[in-house]
1. Determine if the range 148-155 includes at least one residue that is exposed (fewer than 14 other Cβ atoms within 10 Å of the Cβ) and under 24 Å from residue 52 (Cα atoms).
2. Hey, which of the strands (runs of 3 or more DSSP E) in the range 81-156, taking only ones fully inside, have at least 1 residues that are under 13 Å from the mean Cα position of the chain (by Cα)?
3. If you go through the range 169-183, how many residues are in contact (Cβ under 8 Å) with a residue 60 or more places away in the chain and in contact with a strand residue (DSSP E or B) (Cβ under 8 Å, 6 or more places away or on another chain)?
4. One residue is enough: does the range 46-53 have a residue meeting the conditions surrounded by 15 or more Cβ atoms within 10 Å (Cβ to Cβ), at pLDDT 95 or above and either over 18 Å from the mean Cα position of the chain (by Cα) or farther than 19 Å from residue 161 by Cβ (or both)?
5. Yes or no: the range 51-66 includes at least one residue that is touching a strand residue (DSSP E or B) at 6+ places or on another chain (Cβ under 9 Å), under 18 Å from residue 177 (Cβ atoms) and not in a loop (DSSP other than H, G, I, E, B).
6. Residue 97 - would you say it is under 18 Å from residue 129 (Cα atoms), modelled with pLDDT of 95 or more and surrounded by 14 or more Cβ atoms within 10 Å (Cβ to Cβ)?
């Protein structure tokens, strides 16, 4: 049986990203932002819905063995003050294209609030920001660029959100709620992996 979704708790997660989506679609980016849907967990409560946009840019096709860039620009996020006083330790996980080799990477604004950093770990790239970020104020995680070398075999290289469960989240943060004492963690993973960028090796 599919997990039931709590409308009350879903609003705490979905509303800020609806606002973020509006900001992303008017940014004039080179490619249309891609929306990813997530299943989430807070404490022992699962089946919560979440969605966010990422503006991904990559070449439509490259030659085997060629070098190319993948750029990912997450939409701004506004923590909902009804459910958050403050959030910190924000992390977005992206799955690197299978068969491609990472040559280098950069974060657009390493001096941005929250001290963002990018970590490459095997087949995934994790954008982290320590924060803290206050509720009802948008924060914008920086654009990241990853330089890759295409495999020598033909095929399609895709970059979706990573994550498979609450133990391996694609999106997570730690928050302080106005409704109880102490910290809690929001952990989300893609409902269905959706390619943020797609490059054909031919």
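The values are calculated or read from the model by the stated rules, or taken from the named source; none is laboratory data. Keep in mind it's a predicted model, so treat the numbers as computed, not measured. Using ideal geometry, Cβ is built from the backbone for each residue, glycine included, and neighbour counts are taken over all protein chains shown.
1. Looking through the range 148-155, none of the residues is exposed (fewer than 14 other Cβ atoms within 10 Å of the Cβ) and under 24 Å from residue 52 (Cα atoms).
2. Here the list reads 86-95, 117-121, 124-129, 144-149.
3. 9
4. No, there is no match, as no residue in the range 46-53 is surrounded by 15 or more Cβ atoms within 10 Å (Cβ to Cβ), at pLDDT 95 or above and either over 18 Å from the mean Cα position of the chain (by Cα) or farther than 19 Å from residue 161 by Cβ (or both).
5. No, the range 51-66 has no match at all.
6. Here the answer is no, as residue 97 does not meet what is asked.
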